[in-house]
Amino acid sequence: MSQIRVLVGTRKGAFILTSDGKREKWEVNGPHFAGWEIYHMKGSPADSNRIYVSQTSGWFGQIIQRSDDGGKTWHQPGTPAGEPTTTPQGWPKGESNKFVYDTSAETGKPLTTHQWYDGTQHPWEFKRVWHLEPSLKDPDTVYAGIEDAALFRTTDGAKNWKELSGLRGHCTGPSWQPGAGGMCLHTIILDPGNHQRIWIAISAAGAFRTDDGGKAWKPINKGLRSQYIPNPEAEIGHCVHHIAMNGRRPGVLFMRKHWDVMRSDDAGDNWHEVSGNLPTDFGFVIDVHAHEPETIYVVPIKSDSEHFVNGSKLTVYRSRTGGNEWEPLTKGLPQKDCYVNVLRDAMAVDSLDKCGIYFGTTGGQVYCSADAGDSWNPIVRDLPAVLSVEVQTLA
């Protein structure tokens, strides 16, 4: 029987949740890297034992961790063999923090400035890794989305990172500005049929696509409308919260914007709204059923000032028609006095025949549906605030 491994990143450590294919009884293992913010952890599709983790701290900086045995043991791949991973005082050393903007004449772009909250220009500063996206075929190749927004890649298992500087060097770069959570590159989608094509999203610059492996980038925000920016239909400046795609149908994308749920049928060249009958179209998370490309899931949040679920009821909404027509899914979810949020990377789907859906909340709950959303059960209730949820289906 297949096994399921759910990877949960929280404000205070990483947790690994495991079960068999029935997904009824779960083992909770952790915390790994206790006390650290784990913005994202994700397993390699090419090697089920390989897991990458973004471990970050306002005090100690950014560290990349890697496991080659499914999370039993960890090491910092950027730290030379035999070199200690702590200072003489016992503090962690961010030796795997090698995310340096490429300004070289050969492959880089000048380190200009970007727009700040008050409209002034601000220098680019590396802060943390928001998202890790392992290659679909090579366990040693991983893409990393960082703050301030840029895309990096490693081809040696996270020992060394190189910026794909064509994105940051895009002519619109000086006009990018941070959203409320910073100027983060939080979404990376790899096309399974075309290794040269990548989609990314930046808060609050918008969505971009490359068709040549990261050398040149195109803003793909046509059809987006954001009423609070000077030009509501501008080429860039839209606060995109998340983008999802079913790998069986590359190029059909679903987006959670600051407001609105959007859809593109042409790889992002054009978008149209599919919010339909949702009670509120503000939210962060969106995902797609593993076997039904027209079945999508969102969790509506009350508003951009009140970051908790609508009506104090935790409700997942499902559309089986690719948007516009939505049904509430509440069985097993709290429907009274609930004031949690579900963040952009905190939902995932497995690939079992009866597709499983997983999500985590800022209240520390992780929920599982083993029947594509019809009913829900908590795997665990009392973790620190959940930042990310990913799932691996193991043979």
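The values are calculated or read from the model by the stated rules, or taken from the named source; none is laboratory data. From a predicted model like this one, the values you see are computed outputs, not experimental measurements. A quick note on method: Cβ atoms are made from the backbone with ideal geometry, for glycine too, and the neighbour counts reach across all protein chains shown. SASA here: full protein model, heavy atoms, side chains in, ligands and nucleic acids out. Shrake-Rupley method; radii C 1.70, N 1.55, O 1.52, S 1.80 Å.
Before moving on, here are some points about what is shown:
- Residue match in the stretch 213-221 (condition: of a type in the set (S, T, N, Q) and either free of Cβ contacts under 8 Å to residues at least 12 places away in the same chain or within 26 Å of VAL100 (Cβ to Cβ) (or both)): no
- Selection status of TRP130, buried (at least 21 other Cβ atoms within 10 Å of the Cβ) and under 15 Å from the mean Cα position of the chain (by Cα): yes
- Contacts under 8 angstrom Cβ, first residue in the stretch 312-325 being under 16 Å from ARG256 (Cα atoms) and touching a residue at least 60 places away in the same chain (Cβ under 8 Å), partner of a type in the set (Phe, Trp, Tyr) and part of a loop (DSSP other than H, G, I, E, B), 6 or more apart: VAL316/TRP376
- Taking the stretch 81-102 as the range and being over 19 Å from TRP130 (Cα atoms), touching a residue at least 12 places away in the same chain (Cβ under 8 Å) and open to solvent by 50 Å² or more (accessible area, probe 1.4 Å) as the test, the residues that pass are GLU83, TRP91.
- Residue in the stretch 260-275 that is charged (D, E, K, R), assigned to a strand (DSSP E or B), within 23 Å of ILE189 (Cα to Cα) and open to solvent by 10 Å² or more (accessible area, probe 1.4 Å) present: yes
- Filter result for THR112 (closer than 22 Å to GLY173 by Cβ and either open to solvent by 40 Å² or more (accessible area, probe 1.4 Å) or modelled with pLDDT of 95 or more (or both)): yes
- Test: residue in the stretch 103-115 that is acidic (Asp, Glu) and farther than 22 Å from ALA144 by Cα: no
- Filter pass, HIS241 being within 17 Å of the chain's Cα centre (by Cα), under 21 Å from ASN310 (Cβ atoms), at pLDDT 95 or above and open to solvent by less than 50 Å² (accessible area, probe 1.4 Å): yes
- Those strands (runs of 3 or more DSSP E) lying entirely in the stretch 117-223 with at least 3 residues among the acidic types (Asp, Glu) and more than 17 Å from PRO45 (Cβ to Cβ): none
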